[in-house]
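The values are calculated or read from the model by the stated rules, or taken from the named source; none is laboratory data. Because the structure is predicted, anything quoted here is derived from the model rather than measured. Glycine gets a Cβ as well: all are built from the backbone with ideal geometry, and neighbour counts include every protein chain shown. We work out accessible area using only protein heavy atoms, side chains counted, and drop any ligands, DNA or RNA first. Shrake-Rupley method; radii C 1.70, N 1.55, O 1.52, S 1.80 Å.
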Amino acid sequence: MILHNIQLENYRNYPKARAEFDPGVNLLVGDNAQGKTNLLEAIAYLGSGKAFRTQKTGELVHFGADFAQIQGKVFSQERQQDLRWVLFSGSRPRQIYRNGVKKKTAGEIAGVLQTVLFCPEDLTVLKGGAAGRRRLADGAICQLRPNYDGALTEYNRILEQKNRILKDRYDTPALLEILPEYNARLCKIGALLISYRARFFEGLAREAERYHRQFSGGKEEFSLEYHTVSTVKDPFAPVVVLEEALKDHLQSHYQAEIESCSCLTGPHKDDFEVSLNGLPIKAYGSQGQVRTATISLKLAQKALMETVSGESPLLLLDDVLSELDPARQDFVLNQITGGQVFITCCEPGRFTKLGKTIEIQQGSIIENGKWRMEN
Ligand code: ATP
Ligand code: MG
């Protein structure tokens, strides 16, 4: 898929702007706080209706304006398509249009413009808490498998209700009678989640291993291990087998959950661990290794999406090259040639590839056309 152009109106710090993009590499160059990340955010929002830095639509609207607009021309699914979002600063619901026709939900434009983002916040994922890793994995699986999105939402909904039952049980002891029913539903949907995750992590590990090996010049062996509930011996087992394993696990924690008034166990605690040459990155990884392994994971995610949909998602790289040694920088630049790429940078002189440079200054876009490095 290719994003040909984008038009912004009152989006973040862009009062009005338009950019034409190269089908290959687009360098977004500018000093700090000029609007580079805002432009990447707008591109991702155009396809997904999700802003990676905020949940509040109002923050996307230019200070003092009533509404914002993002519009773009996309080539995907073998045809030209036009996407347009109108966002309001107040409580009025946002509007989505595809080829001029109003749509009800972001789900109706799923698959038109898919993106894989790498941003500096991703660098905390491998070293940080399990919740960040689950978010990364869940986000990727939701894009790959629309049914997973529904199952995950349902699981979280039931989990929230179960939590409420456990919290309210002192005031209303009768609530405990319905607990087994909630547990049964959690096991059923939880088994489905584990099954999806096992397959996703298997594919992700295979691709990321390949990228990381090249990235490190064959010096580092990347491995990824999926951790789920301890009674699940084989996450690839049939869903009914997984469901039974989850039931056993919940049963053994039944009393503890009641005593602690919280949901202790289940796939909502799943995690994955990345190791380099057998050493867990969480404990031993250097900054550069964490960066390299995270980029490998993102490139792997992109490769999986290509396999499933047959199209290359857009790669959005925010501040990806800093702190990498020259060999690793070159590797990233060589790997990003497949598909359309947007890469932000404060120092254009570091790039050694052909591409289009788009200069960004205080919320306006200055296009320099084809740009060549003279070295
Ligand atoms: P850096 O190189 O530091 O990452 P950047 O070019 O990526 O900088 P952005 O994150 O895109 O910068 O932000 C540019 C500016 O946009 C910020 O200074 C911020 O204050 C401003 N901004 C964010 N939201 C709005 C808004 N709703 N209205 C107006 N300006 C905004
Ligand atoms: Mg930025």
Check on residue 322, closer than 18 Å to residue 40 by Cα, in contact with a Gly (Cβ under 6 Å, 6 or more places away or on another chain) and either of a type in the set (Gly, Ala, Ser) or away from ligand 1 (no atom under 16 Å from the Cβ) (or both): no
Is it the case that residue 55 is open to solvent by 10 Å² or more (accessible area, probe 1.4 Å), under 18 Å from the mean Cα position of the chain (by Cα) and farther than 24 Å from residue 345 by Cβ? yes
Determine which single condition residue 38 fails, assuming it passes every other condition in (1) at positive phi; (2) under 23 Å from the mean Cα position of the chain (by Cα); (3) within 11 Å of ligand 1 (Cβ to nearest atom). (1)
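This table checks each residue for (1) touching a Cys at 6+ places or on another chain (Cβ under 6 Å); (2) within 16 Å of ligand 2 (Cβ to nearest atom); (3) of a type in the set (A, V, I, L, M).
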residue: 298; (1), (2), (3): no, no, no
residue: 304; (1), (2), (3): no, no, yes
residue: 310; (1), (2), (3): no, no, no
residue: 314; (1), (2), (3): no, no, yes
residue: 318; (1), (2), (3): yes, yes, no
residue: 327; (1), (2), (3): no, no, yes
residue: 331; (1), (2), (3): no, no, no
residue: 334; (1), (2), (3): no, no, no
residue: 338; (1), (2), (3): no, no, no
Matching residues in the range 277-334 - criterion: being in contact (Cβ under 8 Å) with a residue 40 or more places away in the chain and at positive phi: 277, 278, 319
Please report, ordered by residue number, the strands (runs of 3 or more DSSP E) entirely within the range 44-121 with at least 2 residues that are within 16 Å of ligand 2 (Cβ to nearest atom) and acidic (Asp, Glu). none
Can you say whether residue 16 is within 16 Å of ligand 1 (Cβ to nearest atom), without any contact (Cβ under 8 Å) to a residue 24 or more places away in the chain and over 17 Å from residue 344 (Cα atoms), as far as the supplied structure shows? yes
Could you list, in sequence order, all residues of the range 28-59 that are hydrophobic (A, V, I, L, M, F, W, C), out of contact with any Asp or Glu (no Cβ under 9 Å at 6 or more places or on another chain) and under 24 Å from residue 312 (Cα atoms)? 39, 42, 43, 44, 46
May I ask you to list pairs of residues, at least six apart or on different chains, whose Cβ atoms are under 7 Å apart, with the first in the range 24-39 being assigned by TED's automatic domain parsing to the domain that holds residue 53 and open to solvent by less than 20 Å² (accessible area, probe 1.4 Å) and the second being at pLDDT 95 or above and part of a loop (DSSP other than H, G, I, E, B)? 35/12; 35/13
Sort out which residues of the range 133-147 are touching a residue at least 24 places away in the same chain (Cβ under 8 Å) and either at positive phi or basic (Lys, Arg) (or both), and write them in order of number. 133, 134, 145
